[in-house]
């Protein structure tokens, strides 16, 4: 057996790479100012259309009034819950008859509506899609139900350690009152007063043809997309000035904080470490992408190899930058066994400390670059994925050749650029620590480690009566 | 012109028994490599649960020519993505790579099938046991309602049944695992005649089959594959359990035994499930969430299990002003209605339109195409189901839906597990 397996002694060499180009796309516009992007993706009969309401990046939750935080997300969710033409059930059933998945969502920078539908039903689906986007009725009964569901969900957040950590983290790293300090979907005090009039007003302020782009992707070569879009969206007009933008949604907290949320008896600690990160539109985006990949993006990243494969502390650890129009959070995230919380935090801090200072090894640099370059085509297999990439260009105001430029730009990142990007964007001294877990297991060691003053949060209803 | 995708593929069997499927598709310069081993948690013996899954972790700990964790760095370094999953009926390993790296992927899979034991060590065993324990804490123990899966399977399938325990298994059993156990497991199941290999994507058939023959051909089969013992008859099912937990909202979980995956009855059940809970136009969502507003969310599904029978399960989370008893009563009414009255033509048409879109979506990803080919070949010896399954869903009629609902939900035999907030439980005690 051993001899015949000698064929395995030699690792195979790669063949000749086949060229890959991001699918070509074309722009046009309607008389009312709506931009259309058409992108033909051969062999993909399930089409995706997305209406991106970017409002030149005031189209999302960033521009909503703080007292109604969560209103933009609710506006988007309520758009498919009834129109001026038909009630919620009739609307949903009409979409289902076409095999169409239709809905809307909102992020910090934009509101987007989407429809996924087989090619054969595109024309009918486009008309229904416009009805949802432009004529939502915001029926009181449906709006009240969605609001109550969000309030119930906020209770569920408190019971789920991961979601509890995700809620706590931005409030720790951003200054009080900064838009990014709050959850995208709002909190109890801001969601409770929302009613249908708030949503209708939000919709009227955001939905403007000249500040929106309609993207259509899939096997559309033979389809008259512009005519279909014109028929459905050509009559759209808007009045008023559009939403006002806050000046600094990303204002940082004044310094490092250490916040421990107590969950007596929790089997694991949810750990978040980091600080305010960066906006998407930066010159060193590609260098920072490589930096993050080798720090905590790849399976074989420095963080995962240490905490998972060497120590066995965790099922996995990741780092990441959430890049928005303004500076979204940078975070290292993991769940670790309660007893090793303090040593895990120390390991993460040490890795953040050495990313800008220690040499970058050729092997890890190659792995990070080759990974990012290689997986690029894998990210765009479906119509929905292609549309998602194009919506990123629209929301961030990036040039049309951004996706074509990606692979050569990643290939050009060297060790010096990685360390420069790390020094510019990763600050171990300023990194806050949030842990949701059994505080009795790690409070002492974390105090002794001297990261700073330790704040302890005890949520109502957890651990009460157990001790 | 039809929008349905058609997957072209060819089948081969090596002399050592490895089944190979190749599906060329030139849409993008990527290739999906997918390997199914016919071993899952249903093959585990009492006292050795969680073993198939623990073993899956070892497959990333190195082999003769690959160092610990290097498998992942090689794939990611080649610009690929990969993963593996352990299920009741099987374990699968898969990577998607730029197509010019197809040989590298085949070599990696062959090296660990042929020589995994060269790299096996007590240190790796201890380390991966810790990782798996943290996986269990993260995925089950530290989640609200996180124990339902384990409890429901244990309730629906009696002690000794292969589906009685879930793939994550028991941590005590894992602690008892020795290096010898792991080695025996490998020699028994990780052999070419217990596997299906699919290569789908931007490749030509001839060079791929040549490379597969070259790397996998010399690996010896296990001529004594243990036969899987079919489960015996099951006793009547009537299980009720109340679980106090750190949850804010009451939730009812139900589980029924149902026909096995791959049967016409299971296809009809999938359509029934779509009508019951497959989106915002479904019956349960419409009544419990939208109209009566007693539920925060609803879910209903059937697991694709093949050994004799499967499980159809669902849950309803009660809103704070409602309670578990109220939502359970409404759930029962809706399930009973499915057993008595036919669904309408419109409901059936909507459900089938959504299923068709969902199938189109799945088949537009190479990794999913490859996974389905491996699955259909392993479970049913019919990889052509990749092109037939949609037609089977579309052929389901209202009578078939009612019949399967009557047989599954009609007897009232089920497991019911109710989660209540700890505070409520103390107050009512």
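Would you mind finding the one in A:392, A:450 that is away from chain B (no Cβ under 14 Å), in a loop (DSSP other than H, G, I, E, B) and out of contact with any helix residue (DSSP H, G or I) (no Cβ under 8 Å at 6 or more places or on another chain)?
Sole residue among the options that is away from chain B (no Cβ under 14 Å), in a loop (DSSP other than H, G, I, E, B) and out of contact with any helix residue (DSSP H, G or I) (no Cβ under 8 Å at 6 or more places or on another chain): A:450.
One line per residue, one yes/no per condition, for (1) outside any helix (DSSP H, G or I); (2) out of contact with any strand residue (DSSP E or B) (no Cβ under 9 Å at 6 or more places or on another chain); (3) under 14 Å from residue B:269 (Cα atoms):
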residue	(1), (2), (3)
B:337	no, yes, no
B:348	no, yes, yes
B:382	yes, yes, no
B:405	no, yes, yes
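Can you say whether residue A:350 is in a helix (DSSP H, G or I), within 22 Å of residue A:322 (Cβ to Cβ) and at pLDDT 95 or above, as far as the supplied structure shows?
no
Report those strands (runs of 3 or more DSSP E) wholly inside the stretch B:209-306 carrying at least 1 residues which are without any contact (Cβ under 8 Å) to a residue 24 or more places away in the chain and over 30 Å from residue B:193 (Cβ atoms).
Answer list for the stretch B:209-306: B:295-302.
Determine whether residue B:262 is at positive phi and either at pLDDT 95 or above or within 9 Å of chain A (Cβ to nearest Cβ) (or both).
yes
Filter the stretch A:303-319 for residues that are more than 8 Å from every other protein chain (Cβ to nearest Cβ) and buried (at least 21 other Cβ atoms within 10 Å of the Cβ) and give the result.
Those that are more than 8 Å from every other protein chain (Cβ to nearest Cβ) and buried (at least 21 other Cβ atoms within 10 Å of the Cβ): A:303, A:304, A:307, A:317, A:319.
Which numbered condition trips up residue A:410, out of (1) over 27 Å from residue A:274 (Cα atoms); (2) within 14 Å of chain B (Cβ to nearest Cβ); (3) modelled with pLDDT of 95 or more?
(1)
Any residue at all in the stretch A:231-241 that is in contact with a strand residue (DSSP E or B) (Cβ under 7 Å, 6 or more places away or on another chain) and either at pLDDT below 95 or assigned to a loop (DSSP other than H, G, I, E, B) (or both)?
No; the residues of the stretch A:231-241 include none that is in contact with a strand residue (DSSP E or B) (Cβ under 7 Å, 6 or more places away or on another chain) and either at pLDDT below 95 or assigned to a loop (DSSP other than H, G, I, E, B) (or both).
Counting residues that are within 20 Å of residue B:375 (Cα to Cα), which helices (runs of 4 or more DSSP H) fully inside the stretch B:57-139 reach at least 2?
Fully inside the stretch B:57-139 and qualifying: B:102-115.
Which one of the conditions (1) crowded, with 18+ Cβ neighbours inside 10 Å; (2) without any contact (Cβ under 8 Å) to a residue 60 or more places away in the chain; (3) over 30 Å from residue A:19 (Cα atoms) does residue B:132 fail to meet, given that it meets all the rest?
That leaves (2) as the condition not met.
State yes or no: is residue A:67 surrounded by 16 or more Cβ atoms within 10 Å (Cβ to Cβ) and in a helix (DSSP H, G or I)?
For residue A:67, the condition - surrounded by 16 or more Cβ atoms within 10 Å (Cβ to Cβ) and in a helix (DSSP H, G or I) - is not met.
What's the total number of residues in the stretch A:395-429 that are over 23 Å from the mean Cα position of the chain (by Cα) and not in a loop (DSSP other than H, G, I, E, B)?
The qualifying residues number 11.
Give the residues of the stretch A:120-152 that are out of contact with any helix residue (DSSP H, G or I) (no Cβ under 6 Å at 6 or more places or on another chain), crowded, with 23+ Cβ neighbours inside 10 Å and away from chain B (no Cβ under 14 Å), sorted by residue number.
A:129, A:133, A:136
Could you look through the stretch A:370-389, keep only residues that are facing chain B (nearest Cβ under 9 Å) and touching a residue at least 40 places away in the same chain (Cβ under 8 Å), and pick out the one that is surrounded by the fewest Cβ atoms within 10 Å (Cβ to Cβ)?
That would be A:376.
Within the stretch A:173-192, restricting attention to residues that are in contact with a strand residue (DSSP E or B) (Cβ under 7 Å, 6 or more places away or on another chain) and not in a helix (DSSP H, G or I), which residue is surrounded by the fewest Cβ atoms within 10 Å (Cβ to Cβ)?
A:175
Please verify whether the stretch B:36-45 includes one or more residues that are farther than 25 Å from residue B:175 by Cβ and modelled with pLDDT of 95 or more.
yes
The values are calculated or read from the model by the stated rules, or taken from the named source; none is laboratory data. Just so it is clear, the structure is predicted and the values come from calculations on it, not from any experiment. Every residue, glycine as well, gets a Cβ built from its backbone with ideal geometry; the counts of neighbours run over all protein chains shown.
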